[in-house]
Structures are given as C-alpha cells and as structure tokens.
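I have placed the structure first, in the form of structure tokens, so that the comments after it can refer back to it.
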C-alpha cells in the first residue's frame, strides 16, 4: 500500500536566527538558560555581555555552547528551540513561511516532581485494580514494579488474605467495596485489612487512579498538585505561523524513495528478538502466553540480557564476548551500498533508477504511520531521519502544548489500513 503524506506538518526552529549576535541576544539567552539549567544561570545572572569576556574560560565556553544550541539546533528544549504547526498550502500564490519571533511557552511541572507528590491514599482512590504484570509461579507471586526510573521483577510468597485481595481486584473496584468483599471471604478486617491494602499499593501490587500516568490528562493537574516550581519545570515553546503553509509538492517522490530504501537497504532484525521468537515457538508453540510469563527466565524463556543481577553491567557482559569488533558490531553492506559506493569512487552521479539488483528482495512491511525529519535545499528535501514504528512516538511530546497536535495524534492512532507519512 502506497505511503501518503499528511496534509499538515510540524516545523522546528532554533530560538535565534543565523543573523543574531550574542550581544543582542544576551538577556534573552540568559532567560532561556534559566529554564534549561538553573544552576548555571545562577553563575551568570548578574553578568553583562561586556563583562562576559572577563569570566573564566569554562563559563565563556558554556555560554558559547548554549548560544550555538539556540542558534543552530532545532530540537525543541525549554526555550532554546520552538515548534510550529503547518497546514497544507492551498494555493500557488502562497510562498515562503513567516513565523512570529516571540514564542509561547507551555510550562508544566517537571516529571521528577512526581516523587514529591502526596503519597497515594487508598481511601481517596476511586478505583483499585491488580498490577497487570502479576502472575503466579508455584506458591510465589511475581510482578514488574518501577523504582527510580528502572523496572524490575519483584516476588513474594502467597498467602490466603493476599490471594483474596488480588482476586477481587482483577477488575476495577472501589476501596469500600473491596473491604466489604474481603471481610466476606476471609477473617481480615479493620486496621489489619487497611494496612494490607496500603502495603500492596506501596509495593505496586495494586494500582489506583492516584498513580502517575504518562498518557491522558496531565498527572499533576489531575491530582490537584499546585503550580510548578521556578527551577523545576518542563517547557515546550511554540511559535505561531504568521504567513505561509506546508508545500507538499517537493515531497511527491518521497514515498517511492522510502519504499525503495526499505526494500534494498536490508532488513536488520534484532538478534535478541529473533532468538526470542525462535525459542518461544519451540517452548510454547501457538499458545497464548502473557508477556510477563514469557519474559520470566524460569517460567518462560527470558529475553536478551534482561536477566541480570543488581550489580551487573551491560559493558561487562559485552567485554565477556569475543574481543574482535566483528563479534560485536555488524555493518550492513548490501548490493545497494555497493552500487552507491562504486559510483562515488568513480565520481559519477548516483542515480537510483539505474540500480539493477541481482535478486529482488521480499516485501518489507512498513508501519501504518511513520515520521520523517527533513529540510529543503534548492527546493529538494534532504531527509535526516525517517522511520519508526509509529509517527505518534515523535509527535506525542508536543500534544501537551497544542490541542490541534493532540487531535492530529488521535486521528493517526485510529488509522488501520492506510499508510501515512508525517
């Protein structure tokens, strides 16, 4: 099925133009550094541009890096770069794109502040439900829990009261109803029952609607936590388009090019994933098996190097392999690579329509939606990145600051049969 470009796009821009000087931008740059690096801002907030040359080399170099970042790099971060939403050009008379110089900052609490959010209270929860990764292995209960940004498998011995609470929480249930149902099945009530439920929530065996979420309504707004702190905030900056729109005409050959590249650059399959599929079929065949069980090294087959001790290191495991580079890294070299390299060595113009492979590869299935990042040079697109499992992954971070982006993402997520280029 042919790729189809979306009729809207997102433009990324550095905060400063190529013509801006550090002297003229100094105060504005300090404001942007204040949000990006509060600690460094405290070192320079009282410094004028005239006094900058008198500062230590480390400070001058860091300022130079921030200014270059805000002048040449378009990846949105704090106020150092911005994004703009572009619609499809409707008439040939629309030429060029103009954006407002002033940016709108969408400011949110930084995700790290969730650690300081009020602790979950079972009594305040509208809903409790069992951790969906939980499974039984003999008389042991195992489940996946998060701690300090890392995920690990936890386990504990089962007992009747614990098993009863878990069974009753297979479907969403409110706190009072849960206490009533537990008391009906086992002789556990009052403070002892409340303490058990509290412990299960704190150990992430039970989930509640008070837990942090990464999709849907903003977590801090949902639980009613106050405003963000000045030195800890997540900022997405947006510039509105004053004039101009997205011209899709330069992209007319891009869908064919991406299909061509997907077909002839080689299908590099993840070796761990390939091994997992092979071992899964050998052990489970066509059975439906929960992913948590399949990844368990005892009950299932594990995956890659996920089974590690607390102090293990990926680097140590890598060094245990054959020390030769060939044993660790693989460089793709297909007929297409050889064709391009030969033409480059001979000084010829590389024309992909002259590429004649000795064998036709099998069909490579691309995802329903994918993203490209490109810029125009002499009217032609120069692609710096293309692919991904879904276009939503790249766009999702901007949905916080723009309702139109959110609506576009929802539409993309509903696509089943059409292949879309974003």
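Quick check: is even one residue across segment 82-93 farther than 30 Å from residue 259 by Cβ and part of a strand (DSSP E or B)?
yes
Looking at 29, 18, can you tell me which residue is under 20 Å from residue 83 (Cβ atoms), touching a residue at least 12 places away in the same chain (Cβ under 8 Å), loosely packed, with under 11 Cβ neighbours inside 10 Å and in the same structural domain as residue 86 (by the TED database)?
Working: 29 fails: loosely packed, with under 11 Cβ neighbours inside 10 Å.
Sole residue among the options that is under 20 Å from residue 83 (Cβ atoms), touching a residue at least 12 places away in the same chain (Cβ under 8 Å), loosely packed, with under 11 Cβ neighbours inside 10 Å and in the same structural domain as residue 86 (by the TED database): 18.
Here is a yes/no grid of residues against (1) at pLDDT 95 or above; (2) under 24 Å from residue 103 (Cβ atoms); (3) not in a strand (DSSP E or B):
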residue	(1), (2), (3)
4	no, no, no
9	no, yes, no
17	no, yes, yes
26	yes, yes, yes
31	no, yes, yes
34	no, yes, yes
39	no, yes, yes
50	no, no, yes
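For segment 142-244, which strands (runs of 3 or more DSSP E) that fit wholly inside it have 1 or more residues that are loosely packed, with under 15 Cβ neighbours inside 10 Å and in the same structural domain as residue 85 (by the TED database)?
Strands (runs of 3 or more DSSP E) meeting the threshold: 241-243.
How many residues does segment 133-147 hold that are within 17 Å of residue 212 (Cβ to Cβ) and touching a helix residue (DSSP H, G or I) at 6+ places or on another chain (Cβ under 9 Å)? Spell out the reasoning first.
Here is the first cut: in segment 133-147, the residues within 17 Å of residue 212 (Cβ to Cβ) are 133, 144-147.
When the remaining residues are screened for being touching a helix residue (DSSP H, G or I) at 6+ places or on another chain (Cβ under 9 Å), the result is 133, 144.
The total comes to 2.
Taking the condition modelled with pLDDT of 75 or more, in the same structural domain as residue 198 (by the TED database) and outside any strand (DSSP E or B), does residue 112 pass? If you could, list the steps in order and put the result at the bottom.
Working: modelled with pLDDT of 75 or more: yes; in the same structural domain as residue 198 (by the TED database): no; outside any strand (DSSP E or B): yes.
Answer is no for this residue.
Quick check on segment 92-105. Is at least one of its residues surrounded by 12 or more Cβ atoms within 10 Å (Cβ to Cβ), more than 30 Å from residue 408 (Cα to Cα) and at pLDDT below 85? Don't jump to the end; show me each part of the working.
Filtering segment 92-105 down to residues surrounded by 12 or more Cβ atoms within 10 Å (Cβ to Cβ) leaves 94, 97, 99-100, 103-105.
Okay, now just the ones that are also more than 30 Å from residue 408 (Cα to Cα), so none.
Scanning segment 92-105, I find no residue that is surrounded by 12 or more Cβ atoms within 10 Å (Cβ to Cβ), more than 30 Å from residue 408 (Cα to Cα) and at pLDDT below 85, so the answer is no.
The values are calculated or read from the model by the stated rules, or taken from the named source; none is laboratory data. Keep in mind that this is a model prediction, so the values were computed, not measured. For neighbour counting, all protein chains shown are included, and Cβ atoms are generated from backbone atoms with ideal geometry for every residue, glycine included.
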